[in-house]
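Participant: Can you keep this structure in mind? I'll have questions shortly.
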Amino acid sequence: MSQDIATLPLADIAEHVNDRSLSATEVTKAALDRISRLDPGIGAFTTVIAERALKRAARLDGDRLRGFPVGPLAGVPFAVKNLFDIEDVVTRAGSKINRANPPASRDAALVERLEAAGAICVGALNMGEYAYDFTGENVHDGPSRNPHDLAHMSGGSSGGSGAAVAAGLVPLALSSDTNGSIRVPASLCGIFGLKPTFGRLSRARTFPFVTSLDHLGPHCRSVTDLALAYDAMQGPDPDDPACSPRPAEPVSARLGGAEGLRVAVAGGYFTQRAEPEALEAVARCARALNAGLTIELPQAQRARAAAFLITTTEGAALHLDRLRHQAADFDPAVRDRLLAGAMIPASWVVRAHQFRRWFQEQMRAIFDNVDVILAPATPGRAPKLGQTTMTIGGETLPLRANVGIFTQPISFVGLPVVTVPVWTAGVTLPIGVQLIAPAWREDLALRAARALEELGVVKAPVAAL
């Protein structure tokens, strides 16, 4: 096979392993070799579990030879943001403090579900400390670099996930998204990301950030791969109280075109702070999907402010004991925001949650007449590593707080979003567009994304390293 096995799409790997033209062991060795060769210059991985992965691959190959079913994701290597538990690995959550914890005694629920479908976990991925980051720069483990230009950010807090998939180290990575941490790396690294509806995928045995906002989801290099991975992870889980009891609703067999979809473009707030390249990316998607309507999300700026309040106060409450006794071991930028959150009046938080309920109702009303809303995923392309400010709408603003300016109002109310990568000829770095759907309708966003992919408007090539 002329193409590096490790860079094949998830769907192709599973097909080859199931039809015996490749073994799971061959695929796993190829992925481990590519990680060994390329990751030292990227910084996507913090832990590689080669021995476990090869044992798992050998068992799967044995089952296949004996005629047992090996699953729809047979032999697919995947890696997880290091806030997911991996048995016998310490769950760092991007921090220095957590390294003193004992290793996990069991895999996270989504790791178990992917491996039950035949996939093979190969390691844990770099991330922003305690998921409070949009840059991909970890002060303890170093930055996860953008594979399309190593001088630039991968985005955060799931920067290792974005970098690993864009570099072709794995075809699938699991990530978390509280305020945009699936969508920002997808945008900056030029890959596809799915933030499902809040409560759709189990968070059991993952390290939390903001329990009322945390989502988990996949990064991949195609819409088909995204849907296959999502289907393998769906289903209720009593180990996560927030996980919905709704039965799984498979989408991978329902990726037909965008015919009949009512597509709108988010205006107002989502255009005022976007750079020209972000607006053009949205416009290209809108033309391809025949979006005939521009809408304004009511008080989106206030939604972002309320999301900030809830994030920093819940985060501070979670880490209060660590802040009291181990403040010096935090990334100073993370520590200072958490300390500020600890001092916010409770009445402000109550008002933020009241506004959240109001905003959810406004969004439900909008989706009575619209199936998918297009919006920028980030204000511009990937900033350079070490950059601390960015220009947004002609104004110079702090970078860390503003990369997620367009993602926060959406995760605030738990809506499903697929982020798609748009490229401009002659430009090294991509930029992403959010396809936002009503709650529990991931299928609508995925259908629109698949249509854009088939039309050639969006794509996720492996970085030329």
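Participant: Label Leu65 and Glu454 with points 7 Å out from Cα along Cα→Cβ: what is the distance between them in nm?
Facilitator: Label-label distance for Leu65 and Glu454, simple model: 4.1 nm.
Participant: Here's a follow-up. Taking only DSSP H segments of four or more residues, each worth -39500 (n - 2.57), what value at 222 nm results for the chain once the sum is divided by all its residues, to the nearest 500 deg cm²/dmol?
Facilitator: Taking each H run of at least 4 residues, the total per residue is -11000 deg cm²/dmol.
Participant: Considering amide H positions built from the backbone, and no H for Pro or chain starts, which residues 5 or more places from Met390, or on another chain, come under 5 Å of its amide H?
Facilitator: The list, which skips near neighbours in sequence, is Leu397, Leu399.
Participant: Okay, moving on. Using the beta-carbon distance between Ala317 and His140 and R0 = 22 Å, what value does 1/(1 + (r/R0)^6) give for FRET efficiency, to the nearest 0.05?
Facilitator: 0.45
Participant: Still on this structure: Could you check the spin-label model distance between Ala58 and Glu15? Points 7 Å from the Cα along Cα→Cβ, value in nm.
Facilitator: Distance between the two pseudo-spin positions: 3.1 nm.
Participant: Any idea how far apart His325 and Glu361 come out in nm if each label point goes 7 Å out from Cα toward Cβ?
Facilitator: Reported label-point gap for His325 and Glu361 is 4.4 nm.
Participant: Length gain on complete extension for the stretch Ala242 to Asn290, per 0.36 nm per residue less the alpha carbon to alpha carbon distance?
Facilitator: Net length gain for the segment: 13.6 nm.
Participant: Let me ask something additional. Packing-wise, with mean Cβ within 10 Å as the measure, how do 322-332, 56-66, 136-146, 191-201 rank, highest first?
Facilitator: For the peptides 322-332, 56-66, 136-146, 191-201, the packing ranking is 191-201, 136-146, 56-66, 322-332.
Participant: Please list 3J(HN,Hα) in residue order for segment 316-327, calculated via the Karplus relation 6.51 cos²θ - 1.76 cosθ + 1.60 where θ = phi - 60°; whole Hz, with x for glycine and proline.
Facilitator: Once θ is set to phi - 60°, the couplings for segment 316-327 become 5, 4, 5, 9, 4, 5, 5, 5, 6, 10, 9, 4 Hz.
Participant: Using the Karplus curve 6.51 cos²θ - 1.76 cosθ + 1.60 with θ = phi - 60°, work out ³J(HN,Hα) for each residue of segment 244-250 in order, rounded to whole Hz, and write x for Gly and Pro.
Facilitator: Per-residue couplings from phi come out as 5, x, 4, x, 4, 10, x Hz.
Participant: So for the chain, averaging the separation of alpha carbon pairs under 8 Å that are six or more residues apart and normalising by length, what relative contact order in percent results?
Facilitator: For the chain, the relative contact order is 17 percent.
Participant: Now for a different question. When only C-alpha pairs under 8 Å and at least 6 residues apart count, what is the relative contact order of segment 103-167, in percent?
Facilitator: 27
Participant: Can you tell me which of 160-172, 446-458 comes out highest on packing, and rank the rest after it, using the mean Cβ neighbours within 10 Å?
Facilitator: Values: 160-172: 32.2, 446-458: 21.9.
In decreasing order of mean packing, 160-172, 446-458 become 160-172, 446-458.
Participant: Then there is this: From Cα pairs below 8 angstrom and at least 6 apart in sequence, can you work out the relative contact order of segment 310-388, rounded to a whole percent? Walk me through the numbers before you get to the answer.
Facilitator: Values: 26 pairs, mean separation 26.3, N = 79.
Contact order relative to length: 33 percent.
Participant: Also, I was wondering about something else. Taking H as built 1.01 Å from N, whose amide H comes closer than 5 Å to the amide H of Phe45, not counting residues under 5 places away?
Facilitator: Excluding prolines and chain starts, which carry no amide H, the hits are Asn126.
Participant: Work out, step by step, the length gained on full extension between Arg99 and Glu87: first 0.36 nm times the residue separation, then minus their alpha carbon distance; give nm to one decimal.
Facilitator: So the extension gain works out to 2.9 nm.
Participant: From the phi angles alone, apply the Karplus equation (6.51, -1.76, 1.60; θ = phi - 60°) to segment 346-354 and give each ³J(HN,Hα) in whole Hz, x where the residue is Gly or Pro.
Facilitator: Values per residue, Gly and Pro as x: 4, 4, 5, 5, 4, 5, 4, 5, 5 Hz.
Participant: Hey, another quick one. Can you give me the Cα centroid spacing of segment 293-341 and segment 83-152 in angstrom?
Facilitator: Using only Cα atoms, the two centres lie 21 Å from each other.
Participant: First check a/c for segment 282-422, with a ≥ b ≥ c the square roots of the eigenvalues of its C-alpha gyration tensor; if it is under 1.5, answer rounded, and if not, answer prolate when a/b is larger than b/c or oblate otherwise.
Facilitator: oblate
Participant: Okay, moving on. Using a Förster distance of 41 angstrom, determine the FRET efficiency expected from the C-beta separation of Thr396 and Asp368, and round it to 0.05.
Facilitator: 0.55
Participant: Right, something else. Given a cut-off of 27 Å, name the pairs among Lys96/Lys384; Lys81/Lys459; Lys55/Lys195; Lys195/Lys459; Lys55/Lys81; Lys29/Lys96 whose C-alpha atoms lie farther apart than that in the structure shown. If you can, show how the numbers build up before the last one.
Facilitator: Values: Lys96/Lys384 24 Å; Lys81/Lys459 23 Å; Lys55/Lys195 31 Å; Lys195/Lys459 18 Å; Lys55/Lys81 22 Å; Lys29/Lys96 30 Å.
Over 27 Å apart, Cα to Cα: Lys55/Lys195; Lys29/Lys96.
Participant: Apply 1/(1 + (r/R0)^6) to the Cβ-Cβ distance of Ala342 and Arg254, taking R0 = 41 Å, and write down the FRET efficiency to the nearest 0.05.
Facilitator: Here the calculated transfer efficiency is 0.35.
Participant: How many percent of DSSP beta bridges within the chain run antiparallel, rounded to 5? Display every interim value, and only then the final one.
Facilitator: Working: 33 of 48 bridges.
DSSP beta bridges in the chain are roughly 70 percent antiparallel.
Participant: Does anything in segment 413-439 have its amide N under 11 Å from the 7 Å Cα→Cβ label point of Glu280, and if so which residues?
Facilitator: 423-427
Participant: Then there is this: Just check the chain against the gyration tensor rule for me: Cα atoms, a ≥ b ≥ c as the square roots of the eigenvalues, rounded for a/c under 1.5, and otherwise prolate or oblate depending on whether a/b exceeds b/c. Kindly include the intermediate steps, with their values, before the conclusion.
Facilitator: Working: a/c = 1.45, a/b = 1.18, b/c = 1.23.
Rounded.
The numbers here are math on the coordinates, done by the rules we state, and not lab data. It should be emphasised that the depicted structure is a prediction, and the values quoted were computed from it without experimental measurement. Because the Cβ atoms are built from the backbone with ideal geometry, glycine has one as well, and the counts that use them run over all protein chains shown.
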